[in-house]
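Below is one structure, written out as structure tokens; comments come after it.
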Amino acid sequence: MSEAPASAPLRLADVLAIAVPMTLGYLTTPLVGLVATAVVGRLGDPVAIGGVALGAIVCDLVFSIFYFLRAGTTALTAQAHGRGDAIERRAVLARAGLLALVAGLAIVLLRGPIVGLGVTVVGGDEAVRAATRDYAEIRLLAAPLILANQAIFGWYLGQGRAVVGLLLQLVLNTANIVLAILFVSSWGEGVAGVAKASLAAEAIALAVAVALSVARASGPWPERRRILDLAALSGLAAINRDIMIRTAVLIAAFAFFARQGAGQGAAILAANAVLEKLFLFVSYFLDGFAAAAETFVGRAVGARDRAAFDRAVSLTTRGGFALAAFASVVLALAGGPAIDWMTTSVEVREAAARFLPWAVATPLAGVLAFEMDGVFIGATWTRDMARMMVASLVVYLALWAVLFPLFGNHGLWAAFLAFLGMRGLSLSMLVPRRAKATFARP
């Protein structure tokens, strides 16, 4: 994408140029998990399946802590782009790369106690715990690679180079799928093979990313003192803190939902899990417009262009709602067959079909939260994100306390959808005031 000034009129085509590639890239991600489960499942060993599933949860929890390396890099790069500061754009990448290296090496050195704690949290019998440990200890060796890839991906997205981002996602996920088949099906590596495939895929993706960055590099790189600027590093650390709080609360909300489902019996637990998978898959569609919001809002803030900011918020939000409506229609039409494909249990199928209307409503209930996340990350208003996430959790728990005793699982779903809606509504109500302060004349 060309580096047009942030003040140039933003068109829907510009938004789609980022949203479409990002959506396609994100949609390849769940395929990795499906293939990993399938190749391990063909071994006929439920312990291996459980070990990969729980090991992936442990690793995902660890890496979610460092989500700021992707989101923060995107926002700060986009803002530097909006200011026309090419040196700062490169400095943002250098800082993020440095933090990725330090954090990644720390994870590698501490992977023993990290995995031990994670295995204790996720549980399982002794055989499953051993398989979980085998998977997680190998995959955490890839931490420096994974975090570096997140930083570089965020850097390209911040510059609006969504096609490059799509290429990197395709390289990573395709390599992961192919290598998982080779390591497990052809070479008999089992659980360890899935983890080794992930490690090797991250190395391949990083090599491609570095090669592309070197090939595209032009102009001078920042001096070391600018890269190590304490104010800039502190700003990135503040973004990290806020996004960590936001992520932790979001994980807690989903964990609470799962726990309340488990308390209603195995059939309701399984039905809720199936419907949640449908919602999470749909969320990959909504992430594309949120990514576009991060880029264009960040540019507008960097350029101090209120008109461009308003246009970016309007276009990405309208696009997100249109896609959410489409996703809800698809869920309404295909939800039943999808449930039947995902489970053979008659009891679970009947329960999932009974609560399917709630899952159908989740895209529309959650789309504003997705879009506002993109806006607030792009503008680096991350403290508000953390605060409103906590406030939304309080509303969620309060509604559950009232609705669950009266309506059971329907009440749980109603409270969960209110949580999603509250996140988006509360953030959107803050936008005018925060924008006025941000774009005020000095």
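Solvent-free Debye calculation, one equal scatterer per alpha-carbon of segment 175-318: log10 I(q)/I(0) at 0.08, 0.10, 0.13 Å⁻¹ equals -0.46, -0.72, -1.15.
Label-to-label distance, V214 versus L101, with points set 7 angstrom from Cα along the beta-carbon direction: 1.5 nm. Work out the P(r) tail for segment 375-420: percent of alpha carbon pairs separated by more than 18 Å, whole number. In whole percent, the share of Cα-Cα pairs in segment 375-420 beyond 18 Å is 39. Express the Stokes-Einstein translational diffusion coefficient of segment 114-159 in µm² s⁻¹, to the nearest whole number, given a Kirkwood radius over alpha-carbon pairs, 25 °C and a viscosity of 0.890 mPa s. Approximately 200 µm²/s, per Stokes-Einstein.
Each residue of segment 97-104 was assigned a 3J(HN,Hα) from its phi angle through the Karplus curve 6.51 cos²θ - 1.76 cosθ + 1.60 (θ = phi - 60°); the sequence is x, 5, 5, 4, 5, 5, 5, x Hz, with glycine and proline shown as x.
Computed about the Cα centre, the dipole magnitude for segment 207-319 is approximately 220 debye when only Lys and Arg (+1) and Asp and Glu (-1) carry charge, each at its Cβ. Taken about its Cα centre, the chain carries a charge dipole of roughly 1360 debye when the Cβ of each Lys and Arg holds +1 and the Cβ of each Asp and Glu holds -1.
For the listed peptides 363-371, 380-388, 317-325, a ranking on the average number of other beta carbons within 10 Å per residue, highest first, reads 363-371, 380-388, 317-325. Computed from backbone phi, the HN-Hα couplings of segment 183-195 come to 5, 8, 6, 8, 10, x, 7, x, 4, 4, x, 5, 5 Hz, rounded to whole numbers (Karplus: 6.51 cos²θ - 1.76 cosθ + 1.60, θ = phi - 60°; Gly and Pro given as x). Only one residue of S198, A437, I138 has its Cα farthest out toward the positive end of the dipole of the chain, where Lys and Arg carry +1 and Asp and Glu -1 on Cβ, and that residue is A437.
A Förster radius of 25 Å combined with the Cβ-Cβ distance from L280 to V330 puts the calculated FRET efficiency at roughly 0.95. If you take the Cα centroid of segment 238-310 and the Cα centroid of segment 183-212, the two points sit 27 Å apart. The alpha-carbon positions of segment 292-348 define a convex hull whose volume is 87 Å³ per residue.
A dipole drawn for the chain from +1 and -1 charges on Cβ atoms has a positive end, and of G298, G84, M22 the residue lying farthest that way is G84. Extension gain, W341 to A130: 0.36 nm times the residue separation minus the Cα-Cα distance gives 72.9 nm. Scaled against 2.2 N^0.38 Å for its residue count N, the alpha carbon radius of gyration of segment 35-158 is 1.28.
Could you rank the peptides 233-244, 175-186 by their average count of other C-beta atoms within 10 Å per residue, with the highest value first?
175-186, 233-244
Working value for segment 229-287: equivalent-ellipsoid semi-axes of 35, 15, 5 Å, each the square root of 5 times a Cα gyration tensor eigenvalue, largest first. About the centre of its Cα atoms, segment 261-407 shows a dipole size close to 340 debye [charges on the beta carbon of Lys, Arg (+1) and Asp, Glu (-1) only; nearest 20 debye].
Please work out the Kirkwood hydrodynamic radius for segment 318-415, using every pair of different C-alpha atoms, and report it in angstroms with one decimal place.
Computed over Cα pairs of segment 318-415, the Kirkwood hydrodynamic radius comes out at 15.5 Å.
Projected label points at L110 and L397, each 7 Å from Cα along the beta carbon direction, are separated by 2.6 nanometres.
Give me Rg/Rg_expected for the chain, where Rg uses Cα atoms only and Rg_expected = 2.2 N^0.38 Å with N residues.
Taking the Cα Rg and dividing by 2.2 N^0.38 Å, one obtains 0.98.
In this structure, R387 and R354 have a Cβ-Cβ separation that, at R0 = 45 Å, corresponds to a calculated FRET efficiency of about 0.80.
Averaged over all directions, how much area does the convex hull of the C-alpha atoms of segment 80-222 cover when projected, in nm²?
Numbers: hull surface 39.5 nm².
With every direction weighted equally, the projected area is 9.9 nm².
Look at the dipole of the chain built from charges on Cβ: of F256, A232, F416, the Cα furthest out on the positive end belongs to A232.
Note on segment 224-307: with neighbouring protein chains present and a 1.4 Å probe, carbon and sulfur make up 65 percent of its accessible heavy-atom surface. Computed across segment 239-386, the Kirkwood hydrodynamic radius from all distinct Cα-Cα pairs reaches 16.7 Å. Computed 3J(HN,Hα) for segment 403-411, one whole-Hz value per residue from the Karplus formula 6.51 cos²θ - 1.76 cosθ + 1.60 where θ = phi - 60°, is 7, 5, x, 8, 10, x, 5, 4, x, glycine and proline marked x. Scaling against 2.2 N^0.38 Å puts the C-alpha radius of gyration of segment 363-442 at 1.27. Size check on segment 47-86: the Cα extents along the three principal axes, sorted descending, read 54, 13, 10 Å.
The values are calculated or read from the model by the stated rules, or taken from the named source; none is laboratory data. Just so you know, these numbers come straight off a predicted model, no measurement behind them. A quick note on method: Cβ atoms are made from the backbone with ideal geometry, for glycine too, and the neighbour counts reach across all protein chains shown. Only protein heavy atoms, including side chains, enter the accessible area calculation; ligands, DNA and RNA are left aside. Shrake-Rupley method; radii C 1.70, N 1.55, O 1.52, S 1.80 Å.
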